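Input: a single structure, listed below in structure tokens.
The values are calculated or read from the model by the stated rules, or taken from the named source; none is laboratory data. None of the values given here were measured: they were computed from a predicted structure. Using ideal geometry, Cβ is built from the backbone for each residue, glycine included, and neighbour counts are taken over all protein chains shown.
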Amino acid sequence: MTDRPDNPEKKSAARGGLSRRLRSIGIIWRAGLGPRLKSFVVRTWALVIMLVVLGVGVWAVRYLYFSIFEPLQVPEQFHAEAVALSAGDLQSMRDVMAVASESRVPVGHYHNMDQWFQPDPRNTCLTSGCHTPLPHARSIESRAFANSHTLFLDCMICHDAKIDGPVQATWLSIYDGVRQQPPPALRLATYLEVEADRVMSEPVEAHGRIEPLLRETLFFVDETSSLHDVHLQLTLSEPGSPVWEKAVRQLIRELSLHIRGEYGAKIALNISESERSADDEQMLRQAAAYLRLPKDSPQRDEMLPKIHKDILGKPGACLACHKEPSARLDFAALGYSPEKIESITGSLIVQQIQHIREGTPFYLPSISQQGGRSE
């Protein structure tokens, strides 16, 4: 007679067999396999940690060795800075990509500038082939500050040896050399500062002043600038609406980033066009004759002082402009706002640069005091 599948005796025997096998496995695990596996995992983990620590140590030693004993060499293109620049070269350097394609020293390597400076094809100091767009290179401590002035100042404002006291200055277009009113970016910044309360209280009138000036400003600003987006928001929104007010506040923040030379114009001596043309022609003739001579010829040494007659090689007074009141320029007549004038004439940083140029000491703990000197 065959047993039924659900025979209780058979089920009991099966459970007993399973229990005996499990007890056997437990005995084997406790006897040696378990501790061995645990020891293997611990040792493997310790080995991994040791290798990581060893790798980090090797990397750190290698980094210190190459940083101290074998520093990176200056790339060859940094030494191959072109000296002669024509007006065409300057006009082609309108953005960072154009500069990157030239075999010149990258401006961003030495200067904290996020955009390339605007070309000045009428600056004969550059187009003659004698000087570069960033001509101040000798003084490591102050050259970046001096070069920043080339964005909005004509060379002769500082380097004319005949200047003694206040001068008559004007804005000249860098494209045609014609006198013009203060640049639109500067006029817009002055309006937003002086009429700050009326901008929000009388939005319709303010929009009629802001939009045309901003439109003119965009002509001299890089195409990727966010000012283009701000202008679009202003033109598509209702004056006085929340969107319009938000765009105006953004404009105030963004415009300050462009009040540093994106003008399409420079401050220059207010002389007649015929006098300026005669000076430029004379400079170009002298520079051409000088550059035709061999580099080590004594004729060059004799000619150089003649070319730089009445020119200060190293103007010594930052404070001629950067103190209250300015001894050289009438900033108000040039379109600067009262707040901007106060910033220019009362800058403690400029005073520290003047101390560095003169070789006189200044003391950081008292930098917030007038002049940066200890009392």
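Say whether the condition of being assigned to a helix (DSSP H, G or I), over 28 Å from the mean Cα position of the chain (by Cα) and either surrounded by fewer than 11 Cβ atoms within 10 Å (Cβ to Cβ) or touching a residue at least 24 places away in the same chain (Cβ under 8 Å) (or both) is met by at least one residue in segment 266-273.
yes
Take segment 319-355 and flag every residue that is of a type in the set (A, V, I, L, M, F, W, C), crowded, with 16+ Cβ neighbours inside 10 Å and within 17 Å of ALA144 (Cβ to Cβ).
Answer for segment 319-355, where residues must be of a type in the set (A, V, I, L, M, F, W, C), crowded, with 16+ Cβ neighbours inside 10 Å and within 17 Å of ALA144 (Cβ to Cβ): VAL350, ILE353.
Give me the pairs: first residue in segment 124-138 and hydrophobic (A, V, I, L, M, F, W, C), second residue not in a loop (DSSP other than H, G, I, E, B), beta-carbon distance under 6 Å, and six or more apart or on different chains, which are they?
Pairs that qualify, where the first residue is hydrophobic (A, V, I, L, M, F, W, C) and the partner is not in a loop (DSSP other than H, G, I, E, B), are CYS125/CYS155; CYS130/ALA287; LEU134/ASN147; ALA137/ARG143.
Which members of segment 250-265 meet the condition of being surrounded by 14 or more Cβ atoms within 10 Å (Cβ to Cβ) and in a helix (DSSP H, G or I)?
GLN250, LEU251, ILE252, GLU254, LEU255
List the residue pairs whose Cβ atoms are under 7 Å apart, where the first residue sits in segment 235-261 and is of a type in the set (Ser, Thr, Tyr), the second is at pLDDT 85 or above, and the two are 6 or more positions apart or on different chains.
THR235/GLU211; SER237/VAL243; SER237/TRP244; SER237/ALA247
Residues in segment 153-173: is at least one within 27 Å of LYS246 (Cα to Cα) and in contact (Cβ under 8 Å) with a residue 12 or more places away in the chain?
Looking through segment 153-173, none of the residues is within 27 Å of LYS246 (Cα to Cα) and in contact (Cβ under 8 Å) with a residue 12 or more places away in the chain.
State whether one or more residues within segment 361-368 are surrounded by 16 or more Cβ atoms within 10 Å (Cβ to Cβ) and more than 25 Å from SER173 (Cβ to Cβ).
Checked segment 361-368: at least one residue is surrounded by 16 or more Cβ atoms within 10 Å (Cβ to Cβ) and more than 25 Å from SER173 (Cβ to Cβ).
Name the residues in segment 157-214 that are assigned to a helix (DSSP H, G or I), surrounded by fewer than 17 Cβ atoms within 10 Å (Cβ to Cβ) and of a type in the set (A, V, I, L, M), would you?
VAL194, ALA196, MET200, VAL204
List the pairs whose first member sits in segment 342-353 and is farther than 12 Å from SER142 by Cα and hydroxyl-bearing (Ser, Thr, Tyr), whose second member is assigned to a loop (DSSP other than H, G, I, E, B) and modelled with pLDDT of 80 or more, and whose Cβ atoms are under 8 Å apart, counting only residues at least 6 apart or on separate chains?
As it stands, the answer is THR345/CYS321; THR345/HIS322; THR345/PHE331; SER347/HIS322, since those pairs meet every condition given.
I'd like to check something: does segment 361-374 contain any residue that is within 24 Å of ARG138 (Cα to Cα), in contact with a Gly (Cβ under 9 Å, 6 or more places away or on another chain) and modelled with pLDDT under 80?
The answer is yes, given that some residue of segment 361-374 is within 24 Å of ARG138 (Cα to Cα), in contact with a Gly (Cβ under 9 Å, 6 or more places away or on another chain) and modelled with pLDDT under 80.
Hey, any hits in segment 327-342 for a residue that's assigned to a helix (DSSP H, G or I), outside the structural domain of TYR191 (by TED's automatic domain parsing) and at pLDDT below 85?
Checked segment 327-342: no residue is assigned to a helix (DSSP H, G or I), outside the structural domain of TYR191 (by TED's automatic domain parsing) and at pLDDT below 85.
Determine whether segment 223-230 contains at least one residue that is under 22 Å from SER343 (Cβ atoms) and among the hydroxyl-bearing types (Ser, Thr, Tyr).
no
If you go through segment 233-249 one residue at a time, do you hit one that is under 21 Å from SER148 (Cα atoms) and part of a loop (DSSP other than H, G, I, E, B)?
So far as segment 233-249 goes, no, none of its residues is under 21 Å from SER148 (Cα atoms) and part of a loop (DSSP other than H, G, I, E, B).
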